[in-house]
Structure formats: structure tokens, C-alpha cells
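The values are calculated or read from the model by the stated rules, or taken from the named source; none is laboratory data. Just so you know, these numbers come straight off a predicted model, no measurement behind them. Glycine also receives a Cβ, built like all others from the backbone with ideal geometry; neighbour counts cover every protein chain displayed. Each accessible area value is taken on the protein alone, full model and side chains, heavy atoms only, with ligands, DNA and RNA left out. Shrake-Rupley method; radii C 1.70, N 1.55, O 1.52, S 1.80 Å.
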Amino acid sequence: VVRGLPGPAGPHRRHPRSGGLALTPLDPGFADGAMRLLTERLVLTPFDRERDWADFVADLILDPVVTKYWDDFADPALTDADKERMAASEFLPWFEEDRARGFGAWILRTPDGDFVGFSGLTAADEPVGGSDPEYSCLLTSRWHGSGLATEAGRAVIEDGWVRLGLTRVITVLDS
């Protein structure tokens, strides 16, 4: 169950394709008023550079298991500082552009605060997606095979259906 979309108190909102997932108002325990999506094992918060960038770089960008199929990050001559600069030039503008569209990256953490990865909706590249947003997810290697990508995906896509009024979401798998 996805528990935690800010909004007025009231009945749960369901999307007909949600498979029974429900979005409920934000847990009143979050005094800061920040938007969060809660699943059984995850807390999803919008990406915040000050809070999340160091974990994003250390646990995703600098993990060779996560980036082994990224040709531009695979060059053995690259230093960690080179990879962080590359990630900043690629990911930070992407996150900002998508936030402006109402999409954006969600940072995934356990309820205890352990960094898990990110997930989100983004504007799809032409010609694949057209105007349909694309779902993406990237987990730290320690969480691979845990089912958390599926759990995060359900929450992010449900948020898109309910909060953003989307009717279609695509995903593109790299091979």
C-alpha cells in the first residue's frame, strides 16, 4: 500500500489500474510538510541536492556494479572526481527539468534512513516516448534482487496516475 501523498484529508484515492494500491494523505508525523510516498519498505522523497547528492554519487555513480554497462563511466582512466563531474552535468539538469514538469526523481530510503537509490518519471527522449513520461529506477548494488524496484515503481507510477493525472507511462530497457 502506498501511504503518503500530501493533500486534503479524506477518502483514499484509487486509480482503476492501480491493482488496489491506495494513496492517502501525508502522514501527520512529517512536520516539515514535504511530500513523501511511503511503501511497505521504502520512504520516497523528492531529490534534494544538499541532502541526497553525496549518497547518490557514493552509492550509485561510484559503484562499478551499478555503472558497469554505462560506457561513458566505464573508462578506467576516470577518477572518482571525473565521474562525479560527469554525473552532475548529466543528472542534475535532468532532475531540475523534470521537477519543473511535475515529475522528478524520488530518492529511495529505508524507514531507518539507509540510501537505496532513486526512481522517477522523466520526459522520454524522442522518438520513443513522445509526450508520455518514462519510468526509471536505479538501486544501489546492495539492494539488487530485493524487489524494491518493483515496490518503488508501483508508488511512483501510482503517484503519476493520481497526482499528475497521467494515463500512460513508458519505460525503455537498455541492453
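Couple of notes before you dig in:
- Breaking point among (1) assigned to a strand (DSSP E or B); (2) more than 24 Å from Thr45 (Cα to Cα), for Asp72: (1)
- Of the residues contained in the range 83-92, one or more are found to be open to solvent by 80 Å² or more (accessible area, probe 1.4 Å), modelled with pLDDT of 95 or more and part of a helix (DSSP H, G or I).
- Index of the failed condition, Asp48 passing every other in (1) closer than 23 Å to Ser146 by Cβ; (2) under 18 Å from the mean Cα position of the chain (by Cα); (3) not β-branched (Val, Ile, Thr): (1)
- Failed criterion for Arg101 (all others in (1) free of Cβ contacts under 8 Å to residues at least 12 places away in the same chain; (2) loosely packed, with under 14 Cβ neighbours inside 10 Å hold): (1)
- Taking the criterion of being open to solvent by 60 Å² or more (accessible area, probe 1.4 Å) and either among the polar types (S, T, N, Q) or touching a residue at least 24 places away in the same chain (Cβ under 8 Å) (or both), the residues of the range 52-78 that qualify are Val65, Tyr69.
- Screening Val57 against (1) out of contact with any strand residue (DSSP E or B) (no Cβ under 8 Å at 6 or more places or on another chain); (2) at pLDDT below 95; (3) not in a loop (DSSP other than H, G, I, E, B) leaves a single unmet condition, (2).
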